[in-house]
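A short write-up of the structure that comes next.
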Amino acid sequence: PVLERADLFARKSGGEINSSLYSFTDPGGVKVSLRPEFTSSVIRNLIESPQPGTGPHRRAYSGPVFRYGDGAFRQMTQVGAELVGAAEPSADAEILGLALECVQAAKIERYSFRIGHLGLMHETLRSFGLSEPVRMYVASNMERIADETRNLNDLLDQAQASGLVTSGD
């Protein structure tokens, strides 16, 4: 659905997405948001709806997503696929193969894939002794951290303003 309970995105996405949500209180008094991405809704649906078989479960989606941001598009089309319940490397290869088929079918000549592993990232952050809120903040801001045009001091200032770190950390 285009509208979901706002807390669904707050739990998953953290700082940057939360600050870009279009949220309001519906007539029933529930705080809702226009979806900023699909993954949260897909996972919620898999959890709440009985699924045939034991998995893995494959889902594909396409549709509008909404994010508030200065100078950015506020409505975008997101296309994606999720493969849930398979931990083997072949599952990652399946999704990458599907992505490759899509860009080739669209005759896109220049493209790149960024591959990350959330489990590895969380374990690495945990090894530094970072608190759970700080780990979640870093995880939700990885794209900003990796963006070489951004000043990391700005990100640190935002973390300090949020109370996640102090100037002595």
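Values as computed for the structure displayed
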item	result
Residue among Ala91, Ala87, Ala81 that is modelled with pLDDT of 90 or more, outside any helix (DSSP H, G or I) and either of a type in the set (A, V, I, L, M) or on the phi < 0 side of the Ramachandran plot (or both)	Ala81
Any pair with Cβ under 7 angstrom, 6 or more apart, that starts in the range 112-140 at a residue that is over 24 Å from Leu96 (Cα atoms) and ends at one that is outside any helix (DSSP H, G or I) and at pLDDT below 80	Pro133/Leu164; Val134/Leu164; Val134/Val165; Met136/Gly14; Tyr137/Gly14; Tyr137/Leu164
Gly28 vs. criteria assigned to a loop (DSSP other than H, G, I, E, B), at pLDDT 90 or above and more than 16 Å from the chain's Cα centre (by Cα)	yes
Residue within the range 145-155 that is loosely packed, with under 14 Cβ neighbours inside 10 Å, part of a helix (DSSP H, G or I) and modelled with pLDDT of 75 or more present	no
Sole exception among (1) assigned by TED's automatic domain parsing to the domain that holds Val79; (2) surrounded by 10 or more Cβ atoms within 10 Å (Cβ to Cβ) for Leu130, by number	(1)
Residue match in the range 78-89 (condition: in the same structural domain as Val42 (by TED's automatic domain parsing) and more than 26 Å from Arg44 (Cβ to Cβ))	yes
Single match in Arg44, Arg58 (criterion: surrounded by 13 or more Cβ atoms within 10 Å (Cβ to Cβ), free of Cβ contacts under 8 Å to residues at least 60 places away in the same chain and over 22 Å from Arg11 (Cα atoms))	Arg58
Members of the range 61-109 that are surrounded by 10 or more Cβ atoms within 10 Å (Cβ to Cβ) and touching a helix residue (DSSP H, G or I) at 6+ places or on another chain (Cβ under 9 Å)	Tyr61, Arg67, Val79, Gly80, Ala81, Glu82, Leu83, Val84, Gly85, Ala86
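The values are calculated or read from the model by the stated rules, or taken from the named source; none is laboratory data. Here the structure is a predicted model, which is why all the values come from computation and not from measurement. Counting neighbours? That spans all protein chains shown, and the Cβs are built from the backbone with ideal geometry, glycine included.
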